[in-house]
């Protein structure tokens, strides 16, 4: 389960960055995936099990996809995300439906199909356009909100290997 969560996070960040029009090369994305193996270790995933490149990440999803499905609880959660239980007058102010739709339509086509939702080129293009608009003038850019002293400011040679996080025992 931890590997699934790790891969989902890494794949989403890489895909959103690429589709948002950020200037990352294929080599940049491969380096990002490889660097995230450290975060996998921190949550208890064996580093060797975590994908080290975009190709390995794609291969992971190809291996597990046959066993995936959207259960009724997941479909109900999606319905609540699109139609949150707030009074109609507050729904637009909450801004939830547009954000939820953009988040959902950035999922891979195969994942959207499991929920019975449109999964074609038009929905891909619409989501990509939304991502690019969100990152346009005044939009969010990587590093814009990173506090001083963040790990990216530390030269690589000065980063020290931290001790493994101690796992909680199940009782």
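The values are calculated or read from the model by the stated rules, or taken from the named source; none is laboratory data. Here the structure is a predicted model, which means the values were calculated and not measured. Virtual Cβ from ideal backbone geometry, glycine too; neighbours counted across all protein chains shown.
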Which number in (1) surrounded by 12 or more Cβ atoms within 10 Å (Cβ to Cβ); (2) modelled with pLDDT under 90 marks the one condition that residue 85 misses? (1)
Does residue 5 meet the test of being within 14 Å of the chain's Cα centre (by Cα) and either on the phi < 0 side of the Ramachandran plot or not assigned by TED's automatic domain parsing to the domain that holds residue 110 (or both)? yes
Out of everything in the range 37-49 that is within 17 Å of the chain's Cα centre (by Cα) and either outside any loop (DSSP other than H, G, I, E, B) or at pLDDT 95 or above (or both), what residue ends up being surrounded by the most Cβ atoms within 10 Å (Cβ to Cβ)? 40
Would you check if residue 21 is under 24 Å from residue 129 (Cα atoms) and outside any loop (DSSP other than H, G, I, E, B)? no
Out of all the residues in the range 91-116, which are outside any helix (DSSP H, G or I) and at pLDDT 80 or above? 106, 107, 108, 115, 116
Filter the range 30-48 for residues that are in contact (Cβ under 8 Å) with a residue 24 or more places away in the chain and either out of contact with any helix residue (DSSP H, G or I) (no Cβ under 6 Å at 6 or more places or on another chain) or in the same structural domain as residue 109 (by TED's automatic domain parsing) (or both) and give the result. 39, 42
Of the residues that sit in the range 1-29 and are touching a helix residue (DSSP H, G or I) at 6+ places or on another chain (Cβ under 6 Å) and farther than 14 Å from residue 60 by Cβ, which one is surrounded by the fewest Cβ atoms within 10 Å (Cβ to Cβ)? 21
